[in-house]
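Engineer: Structure provided below as structure tokens; questions to follow.
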Amino acid sequence: MRPEADALPDTLGCAVAGKVPGKYTCLTWMPRFETQKFAMAPYHIRQYQDSDQKRVWDLFIRGMEEHIPATFRHLLILPRTLFLLLGLPLAMVLVSGSWLLAAMSIFFVLLLMKLLARQPWKEYVAKCLHTDMADITKSYMSARGSCFWVAESGGELVGTVGGLPVKDPPLGRKQLELFHLSVSSQHRGQGIAKALTRTLLQFARDQGYSDVVLDTSILQKSAHALYMSMGFQKTGQYFMGAFWRLVDIPAIQFKHSFPSA
Ligand SMILES: CC(C)(COP(=O)(O)OP(=O)(O)OC[C@H]1O[C@@H](n2cnc3c(N)ncnc32)[C@H](O)[C@@H]1OP(=O)(O)O)[C@@H](O)C(=O)NCCC(=O)NCCS
């Protein structure tokens with residue numbers, strides 16, 4: 001069920017850490033946020049600072065590249081891959097009579113699939129590191145209506161999320177796009193991603209946005225469950241580029257609209 005806007009920030013209660021007064025526009029927004037669950041390492045959420053950059057990159061890259069094995073498995077069960085895995089060795093045996101060549105062709109197809117599975121994620125990471133993630137302060141912290149947050153636990157940076165205004169929203173809408181939600185694998189299942197998303201939703205509501213939108217891939221199942229549980233709805237799907245089409249992994253679009261919008 002979609003939560004009402006008033007029910008969103010049930011964990012918003014304390015002052016956020018890491019405020020740098022007056023420097024960045026988004027820092028003038030003062031969320032009341034601190035959350036943790038019982039029997040788990042405490043964590044808190046604060047706004048991004050320049051010194052976080054390396055760790056944020058690291059979390060982002062790991063969070064994306066961890067989907068490469070699932071992409072490989074997804075590729076293996078595509079009909080066209082099964083056709084290649086069966087057809088190529090058979091053709092080799094029929095043409096050359098060599099079982100060695102047949103075995104080598106299977107190895108070759110598997111190697112090709114392994115390389116192909118890496119490509120869309122590597123390409124996406126490289127693109128981000130050359131665009132919005134190249135200078136996070138410049139991209140997210142210097143304009144009104146955008147921001148980037150990190151979650152810290154035990155002095156370690158363990159989660160990230162950012163939001164940028166959509167350049168060409170539908171007529172009459174003001175939309176914030178969620179980017180780079182990621183939590184370190186050692187700190188998952190503690191509600192950190194949920195808390196980061198709530199922070200962004202609260203920010204969007206306070207800044208007068210009508211919707212929060214985001215794109216994710218069909219493989220990111222944990223993220224889907226998270227977004228659905230937080231009132232996002234699927235609005236469409238598309239291929240982000242040639243490699244995504246080749247590996248048959250569409251992006252799914254999600255939207256969270258505020259009730260008063
Ligand atoms: C998706 C991700 C951010 C979730 O982080 P997390 O801190 O473990 O998530 P939370 O503990 O806040 O869980 C929130 C909700 O997400 C869903 N969820 C999280 N992990 C899940 C899993 N492994 N399986 C199913 N649902 C899951 C659940 O609905 C959960 O709510 P619940 O605990 O009340 O059931 C994390 O797995 C991640 O960083 N993945 C790699 C990067 C990535 O794919 N990011 C998404 C970009 S769109």
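Bear in mind these aren't lab numbers, they're just calculated from the coordinates by the rules spelled out. Source: prediction; values computed, not measured. Methodologically, a virtual Cβ is constructed for each residue, glycine included, from the backbone with ideal geometry; neighbour enumeration extends over all protein chains shown.
Engineer: Multiply the residue separation of Ile77 and Arg173 by 0.36 nm, subtract the distance between their alpha-carbon atoms, and state the gained length in nm to one decimal.
Structural biologist: 30.5 nm
Engineer: Starting from 0.36 nm per residue, how many nanometres of slack lie between Lys114 and Ser222 once their C-alpha separation is accounted for?
Structural biologist: 36.6 nm is the gain from fully extending Lys114 to Ser222.
Engineer: Let me ask something else. Tell me, how many Å apart are the Cα centres for region 82-124 and for region 198-261?
Structural biologist: After rounding, the separation between the Cα centres reads 35 Å.
Engineer: Taking Cα atoms of region 68-129, Rg/Rh with Kirkwood Rh, to two decimals?
Structural biologist: That ratio equals 1.14.
Engineer: Using r as the Cβ-Cβ distance of Ile106 and Asp135, and R0 as 35 Å, what FRET efficiency do you calculate, to the nearest 0.05?
Structural biologist: In this case the efficiency is close to 0.15.
Engineer: Is region 111-241 best put as rounded, prolate or oblate by its Cα gyration tensor, with a ≥ b ≥ c the root eigenvalues, rounded for a/c under 1.5, and otherwise prolate when a/b is larger than b/c, oblate when not?
Structural biologist: rounded
Engineer: Hey, another quick one. Evaluate E = 1/(1 + (r/R0)^6) for Asp58 and Ser142, where r is the Cβ-Cβ distance and R0 equals 35 Å; express this FRET efficiency to the nearest 0.05.
Structural biologist: Between Asp58 and Ser142 the formula returns 0.95.
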